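The values are calculated or read from the model by the stated rules, or taken from the named source; none is laboratory data. Fair warning: this is a prediction, and the values are worked out from it, not measured in the lab. Cβ coordinates were reconstructed from backbone atoms using ideal geometry, including for glycine residues, and neighbour counts include every protein chain displayed.
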Amino acid sequence: MSGTTRSGEGDRLASALRGVRALVLDADGVLLLAGSALPGAVEALDRLEAAGVPYRVVTNFSGAHRTSLAAAVSRTFGRPVRPERLITAASAAAAYTLARHPGAPLFVLASDDARREWAGQRLLDLEAAAAPEASVAAVVIGDGGDELSYRNLDIAYGLARRGAELVAMHRNPWWITPKGPTLDSGALVAGLEFALGRTATVAGKPSPVVFRQAVRELAVEVATSGARRLRLAEIAMVGDDLAADVGGAKRVGLRGILVLSGKTDRAGLERASGSGRRRAQPDGVADGILDVVIALVEARPAAC
Ligand SMILES: [Mg+2]
């Protein structure tokens, strides 16, 4: 173990990772914290790629296209991070509308950059969406800063009221930015749900939508490599949030590994262990992502 992961935990971690052939990684609290690389994160990605372990990084960040996010993370890490390894709440929402409403008109409230995830899909512009008779299959709400104005949210409300599916990139009420705790788009989604009297389909964590997208992509990558079919139980999610990461992943049949490098500390883990909520109990615990990757790579048979 490279870190200070406790020895009993090391054995449990190794057994939780036995047979795992692919990883789904959370970003904040696992690879990054407050915009900086966490210790061991860069080495962990180097080792994963050297060992040929397929992985996806899943984040509820939805303010930019994956290429922009990958470029920013690559600069932070000082190594390339490929955009196709990232799944954001925006890219998961775009994959969802493509599968659920192919060819149908959509209204997407997001930043211009994030809206590029919908390239090839039919998006109504604001003027067309504001027409009294306008109709779309789905309204998608994401992080759009001032795009989430009263006027634009009212247009989204009207379209949803006339039958459009309400899709939220995520329901996070607030998040930490350089200015401190900041209102997030999930709070506005909750307002629309209240006005409409129904709940939104959520694309990002802890929704199964984003985990299933990761599973599909990993399965294709494994199949393309000629290896035998990837099973759900052969994928482990590594995250710092017991509910959104561990619980969300376990709900769709993945293994859930908790790292203590982000929002959950040992006291939080112990409180959760006493709560009896089985779904959010991690299969393994580690201090950080490098411990997980070392345990995984060392436990893997050579030709996996
Ligand atoms: Mg996190």
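Annotations for the structure displayed:
- Listed by first and then second residue, the pairs with beta-carbon distance under 6 Å, at least 6 apart or on different chains, first residue in segment 223-240 and within 13 Å of residue 58 (Cα to Cα) and in the same structural domain as residue 258 (by TED's automatic domain parsing), second away from the ligand (no atom under 16 Å from the Cβ) and of a type outside the set (D, E, K, R), are 236/20.
- Top-ranked residue of segment 258-290 - restricted to ones that are touching a Gly at 6+ places or on another chain (Cβ under 6 Å) and farther than 17 Å from residue 32 by Cβ, ranked as modelled with the lowest pLDDT: 279
- Residue that is farthest from residue 36 (Cα to Cα) [pool: residues in segment 68-83 that are in contact (Cβ under 8 Å) with a residue 24 or more places away in the chain and assigned to a helix (DSSP H, G or I)]: 68
- Selection of segment 219-252 for residues being within 19 Å of residue 30 (Cα to Cα) and assigned to a helix (DSSP H, G or I) yields 242, 243, 244, 245, 246, 247, 248, 249, 250.
- Residue count for segment 11-26 satisfying the condition of being surrounded by fewer than 23 Cβ atoms within 10 Å (Cβ to Cβ) and either free of Cβ contacts under 8 Å to residues at least 60 places away in the same chain or within 16 Å of the ligand (Cβ to nearest atom) (or both): 1.
- Test result for residue 216, assigned to a helix (DSSP H, G or I), among the basic types (Lys, Arg) and more than 12 Å from the chain's Cα centre (by Cα): yes
- Matching residues in segment 160-187 - criterion: being buried (at least 23 other Cβ atoms within 10 Å of the Cβ), part of a helix (DSSP H, G or I) and touching a helix residue (DSSP H, G or I) at 6+ places or on another chain (Cβ under 7 Å): 160
- Some residue of segment 85-92 being in a helix (DSSP H, G or I), in contact with a Lys or Arg (Cβ under 8 Å, 6 or more places away or on another chain), surrounded by fewer than 24 Cβ atoms within 10 Å (Cβ to Cβ) and not assigned by TED's automatic domain parsing to the domain that holds residue 248: yes
- Odd one out for residue 153 among (1) surrounded by fewer than 23 Cβ atoms within 10 Å (Cβ to Cβ); (2) part of a loop (DSSP other than H, G, I, E, B): (2)
- Just one residue in the set 33, 106 is within 16 Å of the ligand (Cβ to nearest atom), over 26 Å from residue 222 (Cβ atoms) and either surrounded by fewer than 24 Cβ atoms within 10 Å (Cβ to Cβ) or assigned by TED's automatic domain parsing to the domain that holds residue 124 (or both); that residue is 33.
- For segment 216-254, filtered to residues that are of a type outside the set (A, V, I, L, M, F, W, C) and within 15 Å of the ligand (Cβ to nearest atom), the residue that is surrounded by the most Cβ atoms within 10 Å (Cβ to Cβ) is 245.
- Residue that is within 23 Å of residue 178 (Cα to Cα) and either buried (at least 17 other Cβ atoms within 10 Å of the Cβ) or within 16 Å of the ligand (Cβ to nearest atom) (or both), where the choices are 74, 62: 62
- Members of segment 36-45 that are crowded, with 23+ Cβ neighbours inside 10 Å and either within 14 Å of the ligand (Cβ to nearest atom) or within 21 Å of residue 282 (Cα to Cα) (or both): 41, 44
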